[in-house]
Amino acid sequence: MKKIFLFSLMLITCICKAQTFRISVADSLKQPVLDGRLLLLLSKNDKAEPRFQVNDAASTQLVFGITVDQWQPGGDQLIDMHAFGYPLERLSDVPAGEYYVQVLLHKYETFHLQTGQTVKLPMDRGEGQHWNLAPGNIYSTPVKIYFDPKTSNEVHLVINNIIPPINEPEDTRYVKHIKIQSKLLTEFWGRPMYLGAHILLPEGFDEHPNVHYPLAIFHGHFPEDISDFRTVPPDENLKPDTSARFRISGYNKIVQEEDYKFYKLWTGKHFPRVLVVEIQHANPYYDDSYAVNSANLGPYGDAITYELIPEIEKRFRGIGKGWARFMYGGSTGGWEVLAAQVFYPDEYNGCYAACPDPIDFHHYTTIDIYNNRNAYYVESDFKQTPRPGMRDYLGHVSATIQQMNQRELALGTNSRSGDQFDIWEAVFSPMGEDGYPKRIFDKYTGAIDSSVAAYWKEHYDLTQIIQRDWPKIGNKLKGKIHIYVGDMDTYYLNNAVYAAEDMLKQMQHPSCSCEVDYGDRAEHCWNGDHTQPNYLSRLHYNQMFITRWAEEVKTRAPRDADLTSWRY
């Protein structure tokens, strides 16, 4: 015991020598009392501001965070060795050298929940839950310093900038926008909460005032405006960019070309006339809600299905029946469309789920939450093997599960990073006594909580739920489920699809008549197109799935359904 104590004293002495940072806010910003996550950002380069260089890639720069409560005007904050960081854990771990340094406060708002708890969370402000872009967040101008963890001097940084508001997109001939206050969500969060949507009107909408249209719901991450649609030819003066993800140059030009091609299809002859809807449901935890009811996010599934969608159909002449609604999406959107189809089988008539987030928690990416004891490392008596988190199509690993979660923990405690593992936790977990989501695993050590895993299984493990409830919902799901994924998905999401496929094949009375397909060596997010490379097919969701559903619905619509008036 004495040796351990002496070692701890030596370690603390070493850490305390690290340089510290004293943070103040310029009087000109006129800020009130503040709550939030104060982030110190260090970068070895000035290719972009440090706030834009924190990610899961090998090129990531440094971030260190502390939680701030009741920061009084005129006061300051100290960031020292207690700040938790990524990818280096403490300031004392940072190598001596020159750095560009910046500090940012991600502001929290206080919510008095319907459940009685009070929590502090970063409300989305129109940017889709990006801490480095959120309007109202305050930050300092980057400066170059020499940092040496062996010295004990203090660096003073002044926050002197505020991120401006984001303008709402404007209506056009084809694209409309709506926002409604949700009664259900307002009651849950204890303050006004809104749902929005972008609507793409079909060609001839005004010329056919008596026609009512099916609803094509394109689920996915926060959409700034309608996706994959452009009414003018590509910009000839556009400077080509380089896509590191797809390893090609000029991808921005390709996107414009494909968007314009879809416009020509959309307005041309023979394309099905439907309403395309992209939903805005960013919330205090993430850029969308996963479109289900949740203990921590509230009744987003009901709010979308029973409040927002009927309002869209009322304003834009939707048919307004479950048989005339279908969904498609990839990644988060892939999980959402499958979940909504399962949880609301009468309200939707088909889902096309591409590269869905984990749909079987035996394969929560590379973690089996039911049988593994630790999320970060493979169990062993004598060695510690990290679980991989990201890979390319050749299997080369770029990040581990532990590293990805360390970044999130640096950005925010209590599932407040606004990022992937934290939103899964916020959606799938029960609420803790403190009002925040219960951890599925310890964010620092990786130790899995089996009681939380059991809750996840009963409420959100889609494979388990489909199998459990098949006698009740099987007839309502037959032929409606389509799942696509690359067999080298970047986040190992194909593993859960394998398990789901095995289950779906076993379903009887009725048989599932489902479709599951795999892209050879395809990374995230393959969507079922074997004829095009991933970087193109990801731009074709509307043209792929609207035309497919328009044929499939002929086999699943009621006898009195109108299948002709909207096919002009």
Taking 30 Å as R0, compute the FRET efficiency from the Cβ-Cβ separation of THR267 and HIS221 and round it to 0.05. 0.65
Give the calculated FRET efficiency between THR60 and SER511 to the nearest 0.05, with a Förster radius of 30 Å applied to their Cβ-Cβ distance. 0.05
Over the chain: helical MRE at 222 nm, DSSP H runs n ≥ 4 each giving -39500 (n - 2.57), nearest 500: -7000 deg cm²/dmol
List the aspartates and glutamates whose alpha-carbon lies under 15 Å from that of LYS264, not counting same-chain residues fewer than 8 positions away? GLU203, ASP228
Once both axes come from the Cα atoms, what is the angle between helix 2-16 and the longest principal axis of the chain, in degrees from 0 to 90, rounded to 10? 80 degrees
What shape does region 485-532 have by the C-alpha gyration tensor, where a ≥ b ≥ c are the square roots of the eigenvalues, rounded means a/c under 1.5, and otherwise prolate means a/b greater than b/c and oblate the rest? oblate
Using the Cβ atoms and a cut-off under 11 Å, what net charge is assigned to the surroundings of ASP228, where Lys and Arg are +1 and Asp and Glu are -1? -1
Cα-based helix-to-principal-axis angle, 401-411 vs the chain, degrees rounded to 10: 70 degrees
Please identify every one of the trypsin sites (Lys or Arg not before Pro) in region 496-540 that sits in a loop by DSSP and has no more than 14 other beta carbons within 10 Å of its own beta carbon. ARG521
Non-local residues with an amide H under 5 Å from the amide H of TYR364, with H modelled 1.01 Å from N and Pro and chain starts lacking one, are ILE369
Region 347-429: translational diffusion in µm²/s, Stokes-Einstein, Kirkwood Rh over Cα pairs, 4 °C, 1.567 mPa s: 89 µm²/s
List the aspartates and glutamates whose Cα lies under 19 Å from the Cα of LYS443, skipping any in the same chain that are fewer than 8 positions away. ASP56, GLU89, ASP368, GLU379, GLU408, ASP419, ASP422, GLU425, GLU433, ASP434
For region 193-317: rounded, prolate or oblate by the Cα gyration tensor [a/c cutoff 1.5]: oblate
So which aspartates and glutamates pass the test for LYS505, namely a Cα distance under 17 Å, with those fewer than 8 places away in the same chain ruled out? ASP360, ASP469, GLU515, ASP517
Mind running the shape call on region 446-568? Use the C-alpha gyration tensor, a ≥ b ≥ c as the square roots of the eigenvalues: rounded below 1.5 for a/c, prolate if a/b tops b/c, oblate otherwise. oblate
What's the local net charge at VAL378, with K and R +1, D and E -1, over the other residues with C-beta under 12 Å away? 0
Starting from the Cα of ASP562, step 7 Å along the direction of its Cβ; do the same at GLN181; then give the gap between the two resulting points in nm. 3.3 nm
Compute the relative contact order of the chain as a whole-number percentage, counting only Cα pairs closer than 8 Å that sit 6 or more residues apart in sequence. 13 percent
Please state the relative contact order of region 264-344 as a whole percent: Cα pairs under 8 Å, 6+ residues apart? 22 percent
Taking amide hydrogens as modeled 1.01 Å from N in the peptide plane, which residues meet the under 5 Å criterion relative to SER294, leaving out close sequence neighbours? TYR300, GLY301
Can you list residues from other chains, or at least 5 along the same chain, whose modelled amide H is less than 5 Å from the amide H of ILE217? VAL277, PHE326, MET327, TYR328
A 1.4 Å probe over the protein heavy atoms gives region 72-150 a carbon and sulfur accessible-area percentage of 51 percent
Once TYR370 and TYR306 are pulled to full extension, the length gained, defined as 0.36 nm per residue separation minus their Cα-Cα distance, is 19.7 nm
Enumerate the calculated ³J(HN,Hα) couplings along region 211-219 in order (Karplus 6.51 cos²θ - 1.76 cosθ + 1.60, θ = phi - 60°), each rounded to whole Hz, writing x wherever the residue is Gly or Pro. 8, 10, 10, x, 10, 9, 9, 9, 7
Given a 1.4 angstrom probe, what's the average accessible area per residue across the chain, in square angstrom? 43 Å²
Rounded to the nearest Å, the spacing of the alpha-carbon centers of region 530-568 and region 21-87 is 47 Å
Report the residues of region 472-506 in range of a label on GLU551: point 7 Å along Cα→C-beta, backbone N strictly under 18 Å from it. 479-484
With a Cα-only, solvent-free Debye model of the chain, what are the log10 I(q)/I(0) values at q = 0.09, 0.13 Å⁻¹? -0.74, -1.49
Residue-ordered couplings for region 222-239, obtained by feeding phi - 60° into the Karplus form 6.51 cos²θ - 1.76 cosθ + 1.60 and rounding to whole Hz (Gly and Pro as x), are 3, x, 5, 7, 4, 9, 6, 9, 9, 8, 10, x, x, 6, 5, 9, 5, 6
Would you mind getting the Kirkwood hydrodynamic radius of region 86-148 from its Cα pairs, rounded to one decimal in Å? 14.6 Å
Where the accessible area of region 370-483 is counted over protein heavy atoms with a 1.4 Å probe, how much of it, in %, is carbon and sulfur? 47 percent
Distance between modelled label sites at HIS530 and LYS47, nm, 7 Å Cα→Cβ extension: 3.8 nm
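The values are calculated or read from the model by the stated rules, or taken from the named source; none is laboratory data. Quantities reported herein were computed from a predicted structural model and do not represent experimental measurements. Cβ coordinates were reconstructed from backbone atoms using ideal geometry, including for glycine residues, and neighbour counts include every protein chain displayed. Side chains included, ligands, DNA and RNA excluded: accessible areas come from the protein's heavy atoms. Shrake-Rupley method; radii C 1.70, N 1.55, O 1.52, S 1.80 Å.
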